[in-house]
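These notes are about the structure you will find just below.
The values are calculated or read from the model by the stated rules, or taken from the named source; none is laboratory data. What you see is a predicted model, and the numbers here were worked out from it, not measured in a lab. Here Cβ is always computed from backbone atoms with ideal geometry, including for glycine, and neighbour counts include all displayed protein chains.
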């Protein structure tokens, strides 16, 4: 980070650096990672800054070790984070299931690059939308993922990821991309007194009365989490557990556990729906995009508006759980929706199609990545679908 | 000011990325403008093609990319041959005249700046060629006040290198005036 003495709390930095600062502001004091472009700048910033704030940062031997140690640190009471990109995220998914099952609050950052496999390491892609949602083995995934579109949001949403991970007691993804991660823009770091930080909730009952997992009231959030070593005898294993945390093979216990994991998210959509909506009131056509693609999409919307075409825009900020309700509302208003995204398999557009329930025609504008779409690409495609060509 | 798009291109190691970051930093932190800086680079640490794009605007910046730069700063032949076509009509090109051979382009003003050679001549270090060419850009376009730019350079270059960087920056301003007869 370039040091700015002349202007307090203002920095011209990369999204990756903003993510590291957001984590520090949120209280993250344990970090484990393995280098990978385009996420390495997060690790580098953390490595430089953690000694100043009393954090522990470790470059582990690989991705598996890093996510598992983050899970361990979380169970021991630390706010913890790991970061990677596509090829590394696919490895971390093994540890992620463990985190989800044991309701461990921590944050995973995925700075997407052009894939599949190693792909184009230094360039942008948006191929991990489904990876973060469905990648962890065994299903029953209650994934929460937030996606920033600029540097300030990279900071703000990282703070939110930590807070949501504590409230929902689950790993939370920051799903960003190389363009957001590497773009430098102005970051204003708020005074700590202006930030809402959710601390780890501690039990108020003695160990004999405490249930580690609220399986008798599926969907419970804000449930306390005692640290390992505090005398609560908590059990954190990869096996299906009872409310006390003991391993079980019973069909009923299994169903109770996964019902809780899923309902933890689906029962609280009011707290997990966040979108940006622009000019939807009179819109006849819509664009939906997330992350780096949101910005050329909005530019295209402006251009269409100045040509007198009534176009509105929607951006999922919390992208998992998917904002079905706002997308459906948009679909009821407009005739056609264009979804620009940096993959050719139509990940976001498939979700939009599902949520639109046939109320509007949905069109995928894909690319293999490397570059974001230019505003003119989005505009031209919009004109093409409006004219029905 | 209206949206202005700049592209710096050359080889990794020439400091073009740093030049772009300085520009963005000065614009946002010291001049209260909006700026966004993006880059593209290969997997090599040094020597590969390197490109740094900066957008500066009084208005908030929606799209951060640079498609057709208003100002193109070019420090390698490869970059020139590949990227000159993108320059906006009536755009400005600053090129290192010892590294780049230009084509005739009637609608584009192309300004030769012997940045690398001057850097070696005045401070004995070609590493500050980026500041020479940045000085020329600032002198020519006035997109930022030269004193603000110098304040930013002083704050942000590695300790101990402030003077050579500032000297190189001023040399670039002077070169522009000499070359264009505005001395």
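Where strands (runs of 3 or more DSSP E) fall entirely within the stretch A:214-326, those with at least 3 residues that are touching a helix residue (DSSP H, G or I) at 6+ places or on another chain (Cβ under 6 Å) are at A:285-288, A:311-316.
Residues that are within 14 Å of chain B (Cβ to nearest Cβ) number at least 2 in the following helices (runs of 4 or more DSSP H) confined to the stretch A:115-209: A:151-168, A:178-182. Does residue B:172 satisfy the criteria of being on the phi > 0 side of the Ramachandran plot and either touching a helix residue (DSSP H, G or I) at 6+ places or on another chain (Cβ under 9 Å) or surrounded by fewer than 16 Cβ atoms within 10 Å (Cβ to Cβ) (or both)? Here the answer is no, as residue B:172 does not meet what is asked.
Yes/no matrix, rows are residues, columns are (1) more than 27 Å from residue A:378 (Cα to Cα); (2) surrounded by fewer than 22 Cβ atoms within 10 Å (Cβ to Cβ); (3) modelled with pLDDT of 95 or more; (4) within 11 Å of chain A (Cβ to nearest Cβ):
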residue	(1), (2), (3), (4)
B:37	no, no, yes, yes
B:40	no, yes, no, yes
B:45	yes, yes, no, no
B:75	yes, no, yes, no
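Checking each residue in the stretch A:279-288 for being more than 18 Å from residue A:364 (Cβ to Cβ) and in contact with a strand residue (DSSP E or B) (Cβ under 7 Å, 6 or more places away or on another chain) picks out A:279, A:280, A:283.
Starting from residues that are within 13 Å of another protein chain (Cβ to nearest Cβ) and touching a helix residue (DSSP H, G or I) at 6+ places or on another chain (Cβ under 8 Å), keep the ones in the stretch A:368-389 and report whichever is surrounded by the most Cβ atoms within 10 Å (Cβ to Cβ). Checking each candidate, the answer is A:372. Looking across B:83, B:99, B:16, one residue alone is away from every other protein chain (no Cβ under 12 Å) and closer than 16 Å to residue A:182 by Cα. It is B:16. Taken over the stretch A:289-303, the criterion of being in contact with a strand residue (DSSP E or B) (Cβ under 7 Å, 6 or more places away or on another chain), more than 8 Å from every other protein chain (Cβ to nearest Cβ) and farther than 11 Å from residue A:153 by Cβ is satisfied by A:289, A:290, A:292, A:293, A:297, A:300, A:301.
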